[in-house]
Every structure is written in C-alpha cells, then in structure tokens.
Amino acid sequence: MVSMGMAQAVYQHAHDFYDTGSWYVVAECWDLLAIAEELDRREEITAIPFELDTAAIAHFHQMIHARTESTRH
C-alpha cells in the first residue's frame, strides 16, 4: 500500500512543474486520495511496489505522456 507521503510527493511535483508539459492536469484534477488510489491500483496490477517517490512521479509522467501522445494522433 502506498503511503500518503508518496502521494504528497507526486502532488507537490505536479504543482512545482505546473507549467511543464501536462502536469497542470494532475495539479488541478487529482487530489491526494486519488493519487494514492492510482498508485495502489498500479501496484496491484504489476505486483511491484513503489519504493521511491521518484518511481511514483515517473508513473504519473508516463500516464501524462501516454495520454498526450494518444490525443495527438
């Protein structure tokens, strides 16, 4: 189970990089609980726990990038 501290790290990163890429979507549309639920969901699917804040941030980066790429085509 993901800690709220890890969800907070993703949330803070989104606010720090609000103007970079599509991080504004996370900053404006996701709250701490939703971020934690997404990270828990991903852990359940992959059976790989998030052990570092950077891994959780990277997961959201991949989600943003995948969504951005799919809307371009």
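Of note:
- In the chain, the longest principal axis of the Cα atoms and the axis of helix 4-16 are about 20 degrees apart.
- Neighbour net charge for Trp30 - beta-carbon separation under 12 angstrom, K R +1, D E -1: -4
- The mean sequence separation of alpha-carbon pairs under 8 Å and at least six residues apart, normalised by the residue count of the chain, gives a relative contact order of 39 percent.
- Taking each DSSP H run with n ≥ 4 as -39500 (n - 2.57) and averaging over every residue of the chain yields -24000 deg cm²/dmol at 222 nm.
- Helix 53-72 vs. the chain, principal-axis angle (Cα, 0 to 90°, nearest 10): 40 degrees
- Solvent-accessible area of the chain (1.4 angstrom probe, protein heavy atoms only): carbon and sulfur portion equals 56 percent.
- All C-alpha to C-alpha distances of segment 1-49, sorted into 5 Å bins beginning at zero, yield P(r) values of 5, 24, 27, 21, 16, 7, 1 percent in whole numbers.
- Taking chymotrypsin sites (Phe, Trp or Tyr not before Pro) across the chain, the ones in a DSSP loop with at most 15 further Cβ atoms lying within 10 angstrom of their Cβ are Tyr18.
- For Ser3, the shell of other residues with beta-carbons less than 12 Å away shows a net charge of -4, using +1 for Lys and Arg and -1 for Asp and Glu.
The values are calculated or read from the model by the stated rules, or taken from the named source; none is laboratory data. Just so we're clear, the structure is a prediction, and the values are computed from it rather than from any experiment. We place every Cβ from the backbone using ideal geometry, glycine too, and count neighbours over all the protein chains shown. Protein only, heavy atoms only, side chains kept; ligands, DNA and RNA dropped before computing areas. Shrake-Rupley method; radii C 1.70, N 1.55, O 1.52, S 1.80 Å.
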